[in-house]
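The values are calculated or read from the model by the stated rules, or taken from the named source; none is laboratory data. If you're wondering where the values come from, they're calculated on a predicted model, not measured in any experiment. Counting neighbours? That spans all protein chains shown, and the Cβs are built from the backbone with ideal geometry, glycine included. Just so you know, the surface numbers come from the protein's heavy atoms only, side chains and all, with ligands and any DNA or RNA stripped out. Shrake-Rupley method; radii C 1.70, N 1.55, O 1.52, S 1.80 Å.
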Amino acid sequence: MRKVLLLALAALMTMGASAQDEKKQEKKNENKPVFTTIKENKITSIKNQNRSGTCWDYSTLSFFEAEILKATGKTYDLCESFVANKTYMDRAIQVVRLHGDCQFAQGGSAYDPLYCIQHYGICPEDAMPFPGSLYGDSLNNFNEFFSLLEPYVAAIAKSKSHKLSTQWKVGMQGILDAYLGKCPEHFTYQGKSYTPKSFAASLGLDWNNYTTFTSYTHHPFWTAFAVEVQDNWRNPLSWNVPLDDMMRIIDNAIEQGYTVAWGGDVSEEGFTRQGLAYAYDTKKMESLAGSDMAHWLKLSKTKKENIVDSLGCNVPEVKPTQEMRQQRFDNWELTDDHGMLIFGIAKDQNGKEYYMVKNSWGETGDYKGIWYMTKAFIAANTMDFMVNKNAVPKDIRKKLGI
């Protein structure tokens, strides 16, 4: 009996401690947003780009996978390594052609996977080696890969030779194939034989249906221009529309069942690793944090992110303006550093609306690889985005003639 009583007492103590822990946890997270989904469109599984600068590749192929899912109901896992292999060769050729007077880097834009599919085709993920497997890793790790590739391209581009041989391309392709795998000329998928081009043609999409949008004042509205960022190296044109219309296109796309391949800036402290993103108002954050401007500016990025996380749904936000976007772009505050997939809209317990955004960092954060980014954050930090032209409001399509 004594043993039973001791066990019962221990259980009660454990339950009490557990209840106290739960209360502490609830108190700690009392500002954590509680989301209600307004509209959620179907997407494919979360991927992990790992140690590679290929967000443009993962996010845009996720976009096309969602497009296929909407158009046909079929789920595909398209191959990022195929796109990277073809794209890095094309980029190297441009750098060499311009004698090194442009950047060779891991990054890219949403246009690169589209260009690849239109010109070279695409294959499913399992038609090439799994990312990282060729060099004994479980996922992509471009550290060694690009430590070889970047100086190789630079050496050719800055060569003192009067005439280049064609062998530099053979060497370049050898490095690409060694780390990414060789792109197949033929493969079998679900019992059928394909080439990359015939596979792309079989996916049920019109590859001419895609267009990109941005919003800046250094070019006229309702015209198209190439956004001036280094990773936009193919110089595709984006339609330039006022900020309110840019946001209206995103909202309309989601409401009509489409997703959006988004490119923008996630280097702001308002973008947290826990899965939230706010365009916080700096002045109001200073007072809420119990600090003055000088103290706030001295805080590390991590500490600022922690404050944002602690305030949660009560983070005070700025109202982004056209002028603010332009100023931040011109002074290098608004940069092009990440690509993600917008696929839904949700609201928190205060009624504030957020976009539901698929990331490519694996199932990380509080929402297993999904980020909830406020509409203010997206308005403030969008560089450009790709969307199916059928997702664009009819009045905007008519005005642009698309």
Which residue pairs have Cβ atoms closer than 6 Å, lie 6 or more positions apart in sequence or on different chains, and pair a first residue in region 364-384 that is over 16 Å from LYS352 (Cα atoms) with a second residue that is of a type in the set (S, T, N, Q)?
GLY365/GLN274; ASP366/GLN274; GLY369/ASN359; ASP384/THR212; ASP384/THR214; ASP384/SER238
Looking at region 333-345, is at least one residue under 16 Å from ASN31 (Cβ atoms), among the acidic types (Asp, Glu) and either in contact with a Gly (Cβ under 7 Å, 6 or more places away or on another chain) or in contact (Cβ under 8 Å) with a residue 12 or more places away in the chain (or both)?
no
Any residue that is at positive phi, of a type outside the set (Asp, Glu) and at pLDDT 95 or above - is there at least one of those in region 21-38?
no
Is there a residue being at pLDDT 95 or above, under 15 Å from ILE342 (Cβ atoms) and either touching a Pro at 6+ places or on another chain (Cβ under 8 Å) or not β-branched (Val, Ile, Thr) (or both) anywhere in region 229-246?
yes
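Would you kindly identify the helices (runs of 4 or more DSSP H) lying entirely within region 128-217 that contain at least 3 residues that are over 28 Å from the mean Cα position of the chain (by Cα), exposed (fewer than 14 other Cβ atoms within 10 Å of the Cβ) and at negative phi? Steps first, answer last, please.
On the way: elements: 142-157, 167-180, 196-201.
Those helices (runs of 4 or more DSSP H) span 167-180.
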Test each condition in (1) over 30 Å from ARG91 (Cβ atoms); (2) open to solvent by less than 30 Å² (accessible area, probe 1.4 Å); (3) part of a loop (DSSP other than H, G, I, E, B) for ILE254 and report the one that comes out false.
(3)
Condition first: modelled with pLDDT under 95, of a type in the set (A, V, I, L, M, F, W, C) and loosely packed, with under 14 Cβ neighbours inside 10 Å. Can you find one or more residues in region 300-307 that meet it?
no
Can you pull out the residues in region 309-348 that are assigned to a helix (DSSP H, G or I), under 21 Å from ASP251 (Cβ atoms) and open to solvent by 40 Å² or more (accessible area, probe 1.4 Å)?
MET324
